[in-house]
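Beneath this line is the structure, given in structure tokens, with notes to follow.
Here, each number is a calculation from the coordinates, and none is a lab measurement. Predicted, not measured: the structure shown is a model, and the values here were computed from it. Note that each Cβ is placed from the backbone with ideal geometry, even for glycine, and that neighbours are counted across all protein chains shown.
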Amino acid sequence: MQELLSLIALSMGVAWASGINLYATILVLGLLGTTGNMPLPETLQVLQNPLVIGAAGFMYCVEFFADKIPGVDSAWDTLHTFIRIPAGAVLAATSIGEVDPAVAIAAGMVGGGLTAGTHLTKASSRLFVNTSPEPFSNIGVSLAEDTLAIGGLWTALFYPSFFLIFLLAFVALMIWILPILGRGLKGLYVSLRGFFAVGEVKRLPER
């Protein structure tokens, strides 16, 4: 039973963390595996390759700075919609090891959905943070996200039962907050469109 919980926590943990910070997730898994602190399933041992660790470390450094600049962070999140979600699905499917292909596909689908949810929550929240004129809120939120992703993944690896309880609470919060964020973004869009429309009217030449 404990082994099953560990596999589920690992699979869902990498998917969840990938939606927040994919490169940190790969880097942490690779370093834990290569140092022997966490034996990875054979299907994930490719992450221990120095080339993979180096690439993940480099991209994490790039994201570390890009994620703290207002506007740049949202552009980065938009681009990574096409990277984090499929990568999270693949990591979730491969992290359960060599099992029935149907189980791997199911894990990939659930994991991909979880990655999509965490990614959308992160990206939508950042759009609201970017309405603040000062950069310190972006820096604080970004550092909190990095800490959450790495801490959550560490919990999934070493305390799977606690992580699964946390994940259920997070999913419930996500289901509640995403519609609120969606309505807020719609209102923000309408306000901005109205503002620019007024500006255009003021610039019209008099006849």
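Numbers below:
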| quantity | calculated |
| --- | --- |
| Separation in nanometres of the label points that stand 7 Å from Cα toward Cβ, at Gln2 and Ala102 | 3.0 |
| Derived scalar couplings ³J(HN,Hα) [the stretch 19-34; Karplus, 6.51 cos²θ - 1.76 cosθ + 1.60; whole Hz; x for Gly, Pro] | x, 9, 8, 4, 5, 5, 4, 5, 5, 4, 4, x, 5, 5, x, 6 |
| Nearest-0.05 FRET efficiency for Glu42 and Ile69, computed from C-beta distance (R0 41 Å) | 0.55 |
| Burial order of peptide ranges 55-68, 17-30 (average beta-carbon count within 10 Å, highest first) | 17-30, 55-68 |
| Protection-proxy order for peptides 109-119, 150-160, each taking the mean of Cβ atoms within 10 Å per residue, highest first | 109-119, 150-160 |
